[in-house]
Amino acid sequence: MANNILSNLSIYLHWPFCKSKCPYCDFFSKVQKNIDQDAIIDGYIKQLETYATLTKDRDIVSVFFGGGTPSLISPQNIEKILNTIDKLWGISPKTEISLEANPNTQTPHLFADLAQAGINRLSLGVQSLDDEELKFLGRTHTADEALKAIDDVLKNYTNHSVDLIYALPHQSMDKWHKELKQITSLGLKHLSLYQLTIEENTVFYQKGIKALDEEKAAQLYQLSDDFLGTQGYDKYEVSNYAKQGFQSRHNKAYWLGQDYIGIGQSAHGRLRLNNKIFAVTAPVLFEELSPKERAEELIIMGLRLTEGINKSNFKLVCGLDFDSFINQKFKNDCQKQSLIVDDASTLRATKEGFLILDYIIAGLCDA
């Protein structure tokens, strides 16, 4: 990784439109009809063309269509975007090309058509396999529809993922264990398990819904870790578990500190150009980041990985020496408490450390 971390580039394309707004969602999204999809896609292509003039020598390792609900984009427009990326940079057979989809956007041939258009990894937002929980989460599909969509994904994609949300108010260990048993019985290669949090600008917050007690949520998290490990899923990031060979290349680009560009409203990126580091936002706006700011981001993102932070890569990306940057006294205290493991090449959180990761990150950056 150290040899190509500066040449790799990922592309995130944000489609903000949804059929409905979920009550837990605090991402930028719109519920809107009569969208001029072709005009929006043409705008995306213009942004891609501008970025390509700055990054033509980069290797595209991943493309990710996120949202919103990008499975609402027509397969024809997906293909148009991918053809543009291939023309501007080149797409290799190894490039991971992902798209997020919801079971309620599925049509009889949609997943097959998306694969034909060039998508080689589908991420399905199932969120739950329990009808009562789906209703609570404001999802517009049923558990049966989710299972049918999963079956369709498995038929069309070797590389795929399913999202689930857990730690719902009053969710029991037994109920979550049952759901984990069901999802792991389906033969999926990748699972993303997200703990429900109540954010301020959500319907749940406005309704006064409270998150599950922290201790109970931690028990559910531990249950997930332990059970998925017995089913052949390796945890490689705080919320992500994969069978061997099926980690998300795109998400790892963020966590490893590789460059990426964001296309579409509210999308953002990070680019290193002429030995300067920039935060980039749509349409193509640049704000220079200091090495210290980028270093803090690398610690926030890198410690999410079970492999932790590669110190050589850290220096390549931000230009600072890792051991000189962090708070050594705090690091030593964490080591004594078995919260982290530190050696000459990496620093990573232990199983106990993952439970209080925010605390560790804040302390390491407080130098």
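Could you say whether any residue in the range 110-129 is under 22 Å from the mean Cα position of the chain (by Cα), within 27 Å of residue 202 (Cα to Cα) and open to solvent by 40 Å² or more (accessible area, probe 1.4 Å)? Taking every residue of the range 110-129 in turn, none turns out to be under 22 Å from the mean Cα position of the chain (by Cα), within 27 Å of residue 202 (Cα to Cα) and open to solvent by 40 Å² or more (accessible area, probe 1.4 Å).
Quick grid of which residues meet (1) more than 25 Å from residue 147 (Cβ to Cβ); (2) at pLDDT below 95; (3) open to solvent by 40 Å² or more (accessible area, probe 1.4 Å); (4) over 20 Å from the mean Cα position of the chain (by Cα):
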| residue | (1), (2), (3), (4) |
| --- | --- |
| 75 | no, no, no, yes |
| 84 | yes, no, no, yes |
| 88 | yes, no, no, yes |
| 92 | yes, no, yes, yes |
| 98 | no, no, no, no |
| 105 | no, yes, no, yes |
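Step by step: first the residues of the range 171-221, then only those that are β-branched (Val, Ile, Thr) and outside any helix (DSSP H, G or I), then the one that is farthest from residue 121 (Cα to Cα). Which residue is that? Ranking the qualifying residues of the range 171-221, first place goes to 209. Residues that are under 18 Å from residue 48 (Cα atoms) and not aliphatic (A, V, I, L, M): list the helices (runs of 4 or more DSSP H) wholly contained in the range 67-136 that include at least 2 such residues. Result: 75-88. State whether the residues of the range 30-45 include one that is closer than 24 Å to residue 247 by Cα, modelled with pLDDT of 90 or more and of a type in the set (Asp, Glu). Checked the range 30-45: no residue is closer than 24 Å to residue 247 by Cα, modelled with pLDDT of 90 or more and of a type in the set (Asp, Glu). Beta carbons closer than 8 Å, at least 6 apart along the sequence or on distinct chains, pair a first residue in the range 320-341 that is closer than 14 Å to residue 356 by Cβ with a second that is among the charged types (D, E, K, R) and open to solvent by 50 Å² or more (accessible area, probe 1.4 Å) for 330/366; 337/352; 338/352; 339/352; 340/348. Within the option set 316, 355, being within 26 Å of the chain's Cα centre (by Cα), under 29 Å from residue 195 (Cβ atoms) and open to solvent by 60 Å² or more (accessible area, probe 1.4 Å) holds for one residue only, 355.
Yes/no per residue for (1) open to solvent by 70 Å² or more (accessible area, probe 1.4 Å); (2) aliphatic (A, V, I, L, M):
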{"position": "294", "(1), (2)": "no, no"}
{"position": "300", "(1), (2)": "yes, yes"}
{"position": "305", "(1), (2)": "no, yes"}
{"position": "338", "(1), (2)": "no, no"}
{"position": "342", "(1), (2)": "no, no"}
{"position": "365", "(1), (2)": "no, no"}
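Among the residues of the range 47-72, the ones that are open to solvent by 20 Å² or more (accessible area, probe 1.4 Å) and within 22 Å of residue 92 (Cα to Cα) come to 9 in all. Of all residues in the range 212-243, those that are β-branched (Val, Ile, Thr) and more than 17 Å from residue 305 (Cβ to Cβ) total 1. In the range 161-173, is there at least one residue being open to solvent by 30 Å² or more (accessible area, probe 1.4 Å) and either touching a strand residue (DSSP E or B) at 6+ places or on another chain (Cβ under 6 Å) or charged (D, E, K, R) (or both)? There is no residue in the range 161-173 that is open to solvent by 30 Å² or more (accessible area, probe 1.4 Å) and either touching a strand residue (DSSP E or B) at 6+ places or on another chain (Cβ under 6 Å) or charged (D, E, K, R) (or both).
The values are calculated or read from the model by the stated rules, or taken from the named source; none is laboratory data. The structure presented is a predicted model; accordingly, all values stated were derived computationally and were not measured. We place every Cβ from the backbone using ideal geometry, glycine too, and count neighbours over all the protein chains shown. Heavy atoms of the whole protein, side chains included, go into the accessibility calculation; ligands, DNA and RNA do not. Shrake-Rupley method; radii C 1.70, N 1.55, O 1.52, S 1.80 Å.
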